[in-house]
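What follows is a set of notes on a single structure, which appears directly below.
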Amino acid sequence: MRQYQFASFGLDQLKITESEPPAPGPGEVAIDVRAFSLNYRDLLVVKGLYNPRLALPAVPVSDGAGVVASVGKGVTDVREGDRVMTQFVADWTDGPFEARHAGSTLGTPGPGLAAERVVLPERAVVPMPDGYDFAQASTFPIAALTAWSVLVTEGKIQEGQWALTLGTGGVSVFAVQLAKALGAKVIITSSSDDKLARAQSLGADHGINYNDNPRWDKAVLEITGGRGADVVVETAGIATMTTSMKATAAGGLIGVLGGVTGLSGEVQIAPLVMKRLRVVGVLVDSRAHFEELSAFLAEHSIEPVIDRKFRFDELPAALQHLESGGHFGKIVVEI
Ligand SMILES: NC(=O)c1ccc[n+]([C@@H]2O[C@H](COP(=O)([O-])OP(=O)(O)OC[C@H]3O[C@@H](n4cnc5c(N)ncnc54)[C@H](OP(=O)(O)O)[C@@H]3O)[C@@H](O)[C@H]2O)c1
């Protein structure tokens with residue numbers, strides 16, 4: 001079988017290697033990967049910016065969908081031929097997040113999905129919802145579940161409340177679709193008027209160009225009648241954190257995901273204190289919540305927005321496309 005590996009950091013270090021297909025041990029399942037989607041994290045992992053001390057060589061890519069090829073001894077809930085998606089935080093099945101769960105993420109330190117076959121613990125796969133193909137299903141495990149985690153698990157957003165989501169990448173576009181299906185009103189920011197128009201065609205109520213309008217918090221307050229957003233999907237990171245806090249309603253929640261603008265720098269805490277904001281770090285979500293999301297997606301016929309599909313041998317180009325920021329929604333690689 002073919003898989004991508006990198007023995008040192010850098011997109012140009014990604015190489016396709018051939019090896020014997022792995023067989024599942026007790027409690028494990030072997031999956032023939034049919035599609036995987038790219039997340040900003042994958043770029044950071046390959047460039048050595050996510051974990052500079054990562055043990056190499058490693059196989060990249062953190063989510064995917066495929067068919068169960070075989071199962072190991074003791075596997076009870078998964079059968080050969082099942083269509084499944086991966087659970088990114090493999091050991092987080094249910095209940096509160098624990099420190100040990102962080103060490104079980106796929107696409108380092110756990111197995112990467114940029115491979116024709118991968119072996120995972122039984123608990124790290126979730127059945128695909130009916131009505132979706134592999135490319136579509138591969139977009140759910142991280143981007144959709146992270147948006148769900150902020151809006152529903154943490155934010156408990158209610159009908160009629162305001163959601164604010166930043167940029168038009170994978171997580172943010174799902175946040176628009178999910179928030180609308182939950183009955184919320186949505187404001188989205190972007191560097192591009194064209195992308196804002198696309199987001200509005202998906203249901204976003206208002207779009208703000210953050211380049212033309214660097215104080216977009218004021219625009220959010222104006223749109224919401226001075227209230228601010230009840231739940232904020234903070235995708236952008238340190239450069240936007242203070243403005244996000246200023247754009248949030250008193251008692252509102254900001255789900256902090258990391259950030260394309262960086263992880264450290266200066267933040268003003270006055271709006272945090274004066275508005276009693278709740279700021280929550282989010283690392284995707286549990287398998288139990290993934291199952292809830294999966295049912296919700298099917299029930300509301302939410303169609304993931306796939307910006308572009310690439311072939312397996314085009315992974316480096318697909319990552320460059322992600323890096324360029326020109327995309328809207330998800331980038332998928334099909335095998
Ligand atoms: N902690 C978690 O569980 C978790 C899970 C998933 C993702 N994340 C993180 O969340 C972030 C988004 O992930 P993704 O996969 O959706 O990324 P992505 O698809 O690469 O999207 C990135 C988008 O960020 C937007 N952006 C860049 N600078 C911005 C700024 N100053 N203000 C607002 N938006 C800005 C751009 O949108 P425009 O082109 O429209 O301007 C760009 O398309 C990444 O940092 C990722 O690592 C964390």
Point to revise | the stretch 4-18 and the stretch 185-247: distance between their alpha carbon centers, rounded to Å | key: 37
Exercise for review: With viscosity set to 0.890 mPa s and temperature to 25 °C, compute the Stokes-Einstein D of the chain, Rh being the Kirkwood radius across alpha carbon pairs; µm²/s, no decimals.
Suggested key: 122
Study note, to complete from the structure: Residues meeting the amide H criterion for ALA229 (H placed from the backbone, H to H distance under 5 Å, 5 or more places apart or on another chain) are THR248, ALA249
Revision key, fill the gap. To the nearest 20 debye, the chain has a Cα-centred charge dipole, built from +1 on Lys and Arg Cβ and -1 on Asp and Glu Cβ, of 780
Revision key, fill the gap. A chain fully extended from SER301 to ARG278 at 0.36 nm per residue, minus the present Cα-Cα distance, gains in nm 5.1 nm
Check your understanding: Under a 5 Å amide H to amide H cut-off, with H placed in plane at 1.01 Å, what residues pair with ARG34 once short-range neighbours are removed?
Key -> ALA65, GLY66, VAL67
Point to revise | Under Karplus coefficients 6.51, -1.76 and 1.60, residue-wise ³J(HN,Hα) of the stretch 243-254 in Hz, glycine/proline x | key: 5, 4, 4, 5, 8, 9, 5, 3, x, x, 10, 10
Study note, to complete from the structure: Amide H neighbours of ILE306 at under 5 Å, excluding residues fewer than 5 places away on the same chain, with H built from the backbone geometry, are LYS330
Review point. Looking at the square roots a ≥ b ≥ c of the eigenvalues of the Cα gyration tensor of the stretch 134-208, which shape do they give, rounded for a/c under 1.5, prolate if a/b is larger than b/c, or oblate?
Key: oblate
Exercise for review: Starting with the highest mean, order 63-76, 40-53, 106-119 by the number of other Cβ atoms within 10 Å, averaged over the residues of each peptide.
Suggested key: 106-119, 63-76, 40-53
Point to revise | Estimated vicinal HN-Hα couplings, Hz - the stretch 295-303 in sequence order (Karplus 6.51, -1.76, 1.60; Gly, Pro = x) | key: 5, 5, 4, 5, 4, 9, 6, 7, 9
Practice item. Mind giving me the FRET efficiency for LEU11 and GLN158? R0 is 41 Å, r the Cβ-Cβ distance, nearest 0.05 is fine. Key: 0.45
**Study point:** Highest to lowest packing among 301-314, 257-270, 122-135, scored as the average C-beta count within 10 Å
**Key:** 122-135, 301-314, 257-270
Review point. Tilt of helix 315-324 relative to the longest C-alpha principal axis of the chain, in degrees (0 to 90, nearest 10)?
Key: 10
Exercise for review: Calculate, for GLU323 and LEU56, the FRET efficiency according to 1/(1 + (r/R0)^6) with r their C-beta to C-beta distance and R0 25 Å; round to the nearest 0.05.
Suggested key: 0.75
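Express the accessible area of the stretch 20-111 per residue in Å², computed with a 1.4 Å probe while the remaining protein chains stay in the model.
45
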Check your understanding: Among ASN213, GLN161, VAL171, whose Cα lies farthest out toward the positive end of the dipole of the stretch 143-281, if unit charges sit on the beta carbon of Lys, Arg (+1) and Asp, Glu (-1)?
Key -> GLN161
**Study point:** Acute angle (nearest 10 degrees) that the helix 170-181 long axis makes with the longest principal axis of the chain, alpha-carbon atoms
**Key:** 70
Practice item. Take the alpha carbon gyration tensor of the stretch 143-281, find the square roots of its eigenvalues, order them as a ≥ b ≥ c, and report rounded if a/c is under 1.5; if not, report prolate when a/b exceeds b/c, else oblate. Key: rounded
Exercise for review: For the chain, give the percent of accessible area contributed by carbon and sulfur heavy atoms, probe 1.4 Å, rounded to a whole number.
Suggested key: 49
Check your understanding: Taking the stretch 143-281, how many lysine pairs are there with alpha carbons less than 17 Å apart, if each pair must be eight or more places apart or span two chains?
Key -> 5
Check your understanding: Net charge near GLY169, counting Lys/Arg +1 and Asp/Glu -1 over other residues with Cβ under 14 Å of its Cβ?
Key -> +1
Exercise for review: Starting at the first residue of the stretch 94-104, write each ³J(HN,Hα) from the Karplus equation 6.51 cos²θ - 1.76 cosθ + 1.60 with θ = phi - 60°, in whole Hz, x for Gly and Pro.
Suggested key: 7, x, x, 5, 10, 3, 5, 5, 4, x, 10
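The values are calculated or read from the model by the stated rules, or taken from the named source; none is laboratory data. Owing to the predicted nature of the structure, the values given are computational and were not obtained by experimental measurement. So basically every Cβ, Gly included, is an ideal-geometry build from the backbone, and we count neighbours across all protein chains shown. Ligands, DNA and RNA are excluded from the accessible area calculation, which covers all protein heavy atoms including side chains. Shrake-Rupley method; radii C 1.70, N 1.55, O 1.52, S 1.80 Å.
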